[in-house]
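Okay, so here's the structure we're looking at.
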Amino acid sequence: MDSIIWAHIVVAFSVVLPVGLMQFVDLEKPSDFLGYRTPASVRSPEAWKYANQMSKKLILWGSGITLTVQLFTAFTLNQVTSILITCGVLTVLYIAVLIVVEMQLRKRFDKEGKPKSGYARFD
């Protein structure tokens, strides 16, 4: 029983850790260590800032959803099943964050990373 509790704690920590780390991302220039780093996001300071602001918000929401799923399934399902479902939800949500941010970068920035006209700033 203790190992299951520790597994839930480790999974919850792995859900919350990216949210905490995203608070330390320097939005003015691309970092070598922290942040949303893809070829599209490092093309310009504007693209870097946009990608990190958007991914931070999406990861925050995704973490909230994942922790809610973990809490709900921990009390309603078998514990191993609960952990597997939680890890699956977390994986799907992180993939969704990548897809959404990359689509928005392509939509809002040209191939050199310059903002396209007609899009408001993201704040």
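Per-structure values
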| read-out | value |
| --- | --- |
| Residues satisfying the stated conditions in the range 41-81, i.e. outside any helix (DSSP H, G or I), more than 13 Å from V100 (Cα to Cα), in contact with a Gly (Cβ under 9 Å, 6 or more places away or on another chain) and of a type outside the set (V, I, T) | R43, S44 |
| Set E102, E46: member being at pLDDT 95 or above, out of contact with any helix residue (DSSP H, G or I) (no Cβ under 8 Å at 6 or more places or on another chain) and acidic (D, E) | E102 |
| Candidate set from the range 25-48 (those that are under 14 Å from the mean Cα position of the chain (by Cα) and over 23 Å from D110 (Cβ atoms)); member that is surrounded by the most Cβ atoms within 10 Å (Cβ to Cβ) | V25 |
| Near pairs, Cβ below 8 angstrom, 6+ apart or cross-chain, from the range 6-19 (part of a helix (DSSP H, G or I)) to any residue that is small (G, A, S) and crowded, with 17+ Cβ neighbours inside 10 Å | H8/A74; H8/S82; V15/S63; V16/S63; P18/S63; V19/S63 |
| Single residue of the range 4-20 satisfying the filter (over 18 Å from I59 (Cβ atoms) and β-branched (V, I, T)) that is surrounded by the most Cβ atoms within 10 Å (Cβ to Cβ) | I4 |
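The values are calculated or read from the model by the stated rules, or taken from the named source; none is laboratory data. Keep in mind it's a predicted model, so treat the numbers as computed, not measured. Every residue, glycine among them, receives a Cβ derived from its backbone with ideal geometry; neighbour counts consider all protein chains shown.
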